Amino acid sequence: MSVPYTPSRKCGYCFGVSNSIRITLSCSHRFHLDCIERWRERNENDSCPTCKWMGQRFYQCARCALSVHSHNDGFAVRCGCFYHKECLYRQIHQNLYNCSGCHEQFNAAVIHYMGKFSKQVTYVPIVNLNETE
């Protein structure tokens, strides 16, 4: 019988249990931001502290908890939390001005920037395949 994968709430570096785990590496190990930064300062490579896998790091969105894969998709706020641009856009436009991750209030620059950010929408015509000519 197979069991669905459930990500650990423990940091792979300090093994502390916390909801503030913000970084998920490609190997799926998760870390506090300050823990992974301490590891990176002590090691010259970008390996995972748990399994030593070399790969790119992903940040976890403070609003939806999914991985933020690139700077094109993501936005880092002053408190150190990361968001998908779309998630931060929705949060600001719902007048929610505190970070979902750490509850620190957003600074005026973030609110101003996201207020100017506009969603790009592409409309595709829908064709009914059941209709006959």
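The values are calculated or read from the model by the stated rules, or taken from the named source; none is laboratory data. Nothing here was measured: the structure is a model prediction, and the numbers come from that model. So basically every Cβ, Gly included, is an ideal-geometry build from the backbone, and we count neighbours across all protein chains shown.
Among the residues of region 78-104, those identified as part of a helix (DSSP H, G or I) and not basic (Lys, Arg) are GLU86, CYS87, LEU88, TYR89, GLN91, ILE92, HIS93. For region 63-70, check the following and say yes or no: at least one residue is modelled with pLDDT of 80 or more, touching a helix residue (DSSP H, G or I) at 6+ places or on another chain (Cβ under 7 Å) and of a type in the set (Lys, Arg). So far as region 63-70 goes, yes, one or more of its residues are modelled with pLDDT of 80 or more, touching a helix residue (DSSP H, G or I) at 6+ places or on another chain (Cβ under 7 Å) and of a type in the set (Lys, Arg).
Only a single item in (1) under 25 Å from TYR13 (Cα atoms); (2) at pLDDT below 75; (3) more than 14 Å from the chain's Cα centre (by Cα) is not met by TYR113, and it is number (1).
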